[in-house]
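Take a look at the structure set out below.
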Amino acid sequence: MNLINSLPRKKGTLIAFCLLLLVLPWMISSGFQSGSSYLRALDMALLFIMLALGLNIVVGYAGLLDFGYIAFYAVGAYTYALLNSPHLQAMLPSWMMYPPFVVSIVICAIVACVFGIMLGAPTLKLRGDYLAIVTLGFGQIVRIFMTNLDRPINLTNGPQGINNILPPQFLGYNLGKPIEWFGLQFEPVHLFYYLILFFCALIIVVSIRLQNSRLGRAWVAIREDEIAANAMGINTRNVKLLAFAMGATFGGVSGALFASLQGFISPESFILMESIMVLSMVVLGGMGHIPGVILGAIIVSITPEVLRDVINPLQMAVVGRKVVDPETLRMLIFGAAMIIVMLVRPEGLWPSKRRRAELRPATKGIALQEKDDLQDAERNHD
Amino acid sequence: MTKVLLEISGIHKRFGGLHALNDVALTINQGEIYGLIGPNGAGKTTLFNVLTGLYQPDEGKFTFNGKDLFCQKPYIVVGSGIARTFQNIRLFANMSALENVMVGRHVRTKASVFGAIFRPPQVKNEEAAIRARAMELLEYVGIPHHAEELACNLSYGDQRRLEIARALATDPQLLALDEPAAGMNPKETEDLKELMQKIRNDGVTILLIEHDVKLMMGLCDRIAVLDYGKKIAEGRPEEVKSNPRVIEAYLGVAPE
Amino acid sequence: MDIFLQQIINGLVVGSVYALIALGYTMVYGILQLINFAHGEIVMIGAMVTITCINFLIGHNVNLPGPLLLALGLAMAIPVTMLLGYLIERIAYRPLRKAPRLAPLITAIGVSIVLQQAAMMIWGRNYRAFPAILPSDVVEFGGASITTLQIAIIALSIVLLIGLFLLIERTKMGRAMRATAQSPDVARLMGVNVNNIISLTFMIGSALGAVAGVLVAANYDQAHAYMGFMIGLKAFTAAVLGGIGNLGGAVLGGILLGLIESIGSGYLGDLTGGFLGSQYKDIFAFLVLILVLIFRPSGLMGERVAERA
């Protein structure tokens, strides 16, 4: 609510920020030598923001620990790929192939949502870490099927993945080819940037609206105290399932965009590590706080890319030769950074005011307060 | 002729070998304050959890307002008009006081996911009504100035009040309070008593567990006494007070 | 029938290793309610250090019988992993004991990444062969075969398990561990040094993990910087399967998981008419886990904790 109410006051900043977002790809592609690879990283960062916001509904709002979140991303990506590549052309009826872009996205969202419900319905009564490990198992199962469903029927094309995925086309434009507007050459990376930015903004708006709704409050209530939420007449099972389904839907949309951006997909992109990355975006940024989660997603997805470019020159400068494999070193630094950030700021880099209050040692928890008050009461009786 | 609001009979609840509730029957009439007392471990809270749907009884009958609530899920029970508070306060600690009460409106509102995302006028109106009603209830229990504070930062007495406001937000016909005066000083207890009388005068029936016998005697219309999972007495406070079985249960010896 | 017997033997071998690793997870979880994600990496490092040590000895023409070389390697690896386990707890978990529950989980993942990458730097990206120092005579019985190595794996696992149970059930230290698992606060009031007990738990778990890592490497003749991940995951699954926090459960879960995997993958092709082959082996672990948890949410041997209102 605060965010929306304060918008008029911050309108100027917001407009400036939007303009910055619009010109950002041009600044990047002309400002750096490896501009277009940075731009790709930026596109990926936007996708990760969408994923992190989806997981944030599940973990941040409803407090359900999901380790298999990337499975929904995979489901979205594979659904998009199968509908928009020649891979299944021989098997599927022709009216199913190459649906309009928006229809594809909606189908992917629905399929992922159904997967979310299928996983959630039997498992959501599990608590905490048990749910975590079951979702982890689910993520693995999805990945194993992706890798192996190339026989007896070649559905996923196994480890090679699916190629030749058609780029999105709408209003007569093909996003896979450069387009010239107003004398400016828009490369596909630029076009995708705007496309993903649009969906990203959409998901942010949806997240905010959900958060400030009756359902958002029910999610937080369940996270805070499930028994009390029950006693307030919340159908906790259905409401949790809804969180799962929403998270899965977000994941499915991001997956579809990912497939359309890449043009090919393989099981490699959907390993457990990716689930863990998305989870760390949510936690490092600040669970349940939309700006924090966005920040977390940007940092976690961009840092390894930046490190990739920084490490080799740095090694050359310091030691004079290539001592360690840069890929290894950058992951090592990344892992260490995760530990350090959590040790210094366990509540995340940009937590909501609420979370900060929760962790401030000066604030008494209810139990403590109860004790104090009991003592007060005794004193009064004397 | 008083109208029976809640009626249970033959309720049994076992936890492994422990027979926590043994053939308990009671009726609560519309508009009364009904007290439930008994020594520690007598099964008061278990009965409370059965009545509010958190525990499923093993056998028995449970009707409320003409509706069969035996073994129903809590959200059905709350929807039928029974709301509760907890002995060891269970607020949503990191939500504001206002938000806590707004959660209580959940069961009386119906905006769906699509409503939340697209915000049509009726959802906007509903949201505004939730907020207005929640604010009204905070005023009703006397803590409107704490609306924006986190529940965990309220004083103990105010937390108790907030829990009552949250329960009232579900528009109950029966409000079940589990030891609301525990840990309060005499002044706070007196204020609480007034609040409960006000709630009753506004047409909500109250079921009350409390250890403060003085409070119970002065407040309740009828009292039931539980001991070892059985109801050993029921009646007006003065009848219960002089019942030899009650005295035995509390003092451990039968009076000569 | 002989194939069946063979699958059971294979299952027991793998299962007993899972059990050893699962104990590390379950002991830590029992006390801290924390999934020690880095435990799989400890297992990997145990294997790597042992291999390096044995190769070093062989390289310096130390002519000792194979089992003794292995014992020397382990004697090197166990202290290393114990130290690592201790450090991990001290650095990454202890400062976060009062933090939100997910914070230590993220540091655990961070530690896991760091250890994996460090192992890559030290031992490289390629598979490391386990030196062929152990006799691998094949014993035939009932149409199935088992190597002496496999017998040794099972025997060693049993000895370690019995040792651990004696330690926990019969010693003063074990009693302190059990008390801490029940309630750290009360244990502290009773004079137990809870921090020491927690450190000790990590160290014991790490030692068992190191042995398990060596056994796995010996069984498959190789080790790799990424090996800890999958085996850690499976062992954790086993711990949950048995009822996390329950030592007997971890052993039961480990052995069951090994059996299910091996029998399941052996017959999967026949069962599904060739539709699904043994490449789906890894699915079993997770499928069984999901099913068990749906029907028995606290695991096979876990106690049902009644939710108190």
- request: Just need a number here: residues in the range C:28-60 that are open to solvent by 10 Å² or more (accessible area, probe 1.4 Å) and in a helix (DSSP H, G or I).
  value: 13
query: Taking the range A:219-239, which residues are under 12 Å from residue A:57 (Cα atoms) and at the interface with another protein chain (Cβ under 7 Å from one of its Cβ atoms)?
result: A:220
message: Every residue in the range B:35-62 that is among the charged types (D, E, K, R) and within 14 Å of residue B:227 (Cα to Cα), please.
response: B:44
message: Let me spell it out: the conditions are (1) open to solvent by less than 70 Å² (accessible area, probe 1.4 Å); (2) more than 14 Å from chain C (Cβ to nearest Cβ), and residue A:163 meets all of them except one. Which number is the exception?
response: (1)
message: Out of everything in the range B:51-70 that is closer than 22 Å to residue B:88 by Cα and out of contact with any strand residue (DSSP E or B) (no Cβ under 8 Å at 6 or more places or on another chain), what residue ends up being least open to solvent (accessible area, probe 1.4 Å)?
response: B:54
- prompt: Does the range B:27-50 contain any residue that is open to solvent by 20 Å² or more (accessible area, probe 1.4 Å), farther than 20 Å from residue B:248 by Cα and among the acidic types (Asp, Glu)?
  reply: no
field: Residue selected from the range C:143-172 under the condition in a strand (DSSP E or B) and aliphatic (A, V, I, L, M), by the criterion least open to solvent (accessible area, probe 1.4 Å)
entry: C:144
- prompt: Among the residues of the range B:93-100, is there at least one that is in a helix (DSSP H, G or I) and either open to solvent by 20 Å² or more (accessible area, probe 1.4 Å) or within 9 Å of chain A (Cβ to nearest Cβ) (or both)?
  reply: yes
- prompt: Going by the conditions given, is residue A:269 at pLDDT 75 or above, in contact with a Phe, Trp or Tyr (Cβ under 8 Å, 6 or more places away or on another chain) and open to solvent by 20 Å² or more (accessible area, probe 1.4 Å)?
  reply: yes
query: If we keep just the residues of the range A:307-321 that are under 20 Å from residue A:37 (Cβ atoms) and charged (D, E, K, R), which is farthest from the other protein chains (Cβ to nearest Cβ)?
result: A:309
- prompt: Which members of the range B:218-236 meet the condition of being basic (Lys, Arg) and in contact (Cβ under 8 Å) with a residue 60 or more places away in the chain?
  reply: B:222, B:230, B:231
query: Among the numbered criteria (1) within 14 Å of chain A (Cβ to nearest Cβ); (2) closer than 21 Å to residue C:85 by Cα; (3) without any contact (Cβ under 8 Å) to a residue 12 or more places away in the chain, which single criterion is violated by residue C:196?
result: (1)
message: Among the residues of the range C:46-59, are any within 21 Å of residue C:245 (Cβ to Cβ) and under 21 Å from the mean Cα position of the chain (by Cα)?
response: no
- prompt: Name the residues in the range B:56-92 that are in a loop (DSSP other than H, G, I, E, B), more than 9 Å from chain A (Cβ to nearest Cβ) and hydrophobic (A, V, I, L, M, F, W, C), would you?
  reply: B:69, B:70, B:71
statement: residue C:202: passes all of (1) more than 15 Å from residue C:26 (Cβ to Cβ); (2) in a helix (DSSP H, G or I) but (1)
field: Checking residue C:66 against (1) at pLDDT 95 or above; (2) closer than 30 Å to residue C:139 by Cβ, the condition it does not meet
entry: (1)
- request: Report whether or not residue B:22 is in the same structural domain as residue B:241 (by TED's automatic domain parsing) and without any contact (Cβ under 8 Å) to a residue 40 or more places away in the chain.
  value: no
Residues (open to solvent by 30 Å² or more (accessible area, probe 1.4 Å) and at pLDDT below 80) located in the range A:24-52: A:26, A:27, A:29, A:30, A:31, A:32, A:33, A:34, A:36, A:37
message: Give all pairs with beta carbons closer than 6 Å in which a residue from the range C:105-116 that is within 18 Å of residue A:65 (Cβ to Cβ) and facing chain A (nearest Cβ under 7 Å) meets a residue that is of a type in the set (S, T, N, Q) and open to solvent by less than 10 Å² (accessible area, probe 1.4 Å); count only pairs at least 6 apart in sequence or on separate chains.
response: C:106/A:280
- request: Scan the range B:107-129 for residues that are in contact (Cβ under 8 Å) with a residue 24 or more places away in the chain and either at the interface with chain A (Cβ under 8 Å from one of its Cβ atoms) or among the aromatic types (Phe, Trp, Tyr) (or both) and jot them down.
  value: B:107
- request: Look at the range A:321-342 and say how many of its residues are at pLDDT below 80 and either among the acidic types (Asp, Glu) or open to solvent by 50 Å² or more (accessible area, probe 1.4 Å) (or both).
  value: 5
message: Criterion first (assigned by TED's automatic domain parsing to the domain that holds residue B:198 and in contact with a Ser or Thr (Cβ under 9 Å, 6 or more places away or on another chain)) does residue B:177 satisfy it?
response: yes
- request: Answer yes or no: is there a residue in the range C:122-142 that is within 11 Å of chain A (Cβ to nearest Cβ) and open to solvent by 40 Å² or more (accessible area, probe 1.4 Å).
  value: yes
- request: Please tell me if residue A:210 is aliphatic (A, V, I, L, M) and within 21 Å of the chain's Cα centre (by Cα).
  value: yes
message: Considering only the range A:246-269, I want to know if a residue exists there that is over 23 Å from residue B:164 (Cβ atoms), at the interface with chain B (Cβ under 7 Å from one of its Cβ atoms) and part of a loop (DSSP other than H, G, I, E, B).
response: no
query: Got at least one residue in the range C:86-93 being within 21 Å of residue C:152 (Cβ to Cβ) and either hydrophobic (A, V, I, L, M, F, W, C) or open to solvent by 20 Å² or more (accessible area, probe 1.4 Å) (or both)?
result: no
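The values are calculated or read from the model by the stated rules, or taken from the named source; none is laboratory data. The structure presented is a predicted model; accordingly, all values stated were derived computationally and were not measured. All Cβ positions, glycine included, derive from the backbone under ideal geometry; neighbour counts span all protein chains shown. In case anyone asks, the SASA skips ligands and DNA or RNA and just uses the protein heavy atoms, side chains included. Shrake-Rupley method; radii C 1.70, N 1.55, O 1.52, S 1.80 Å.
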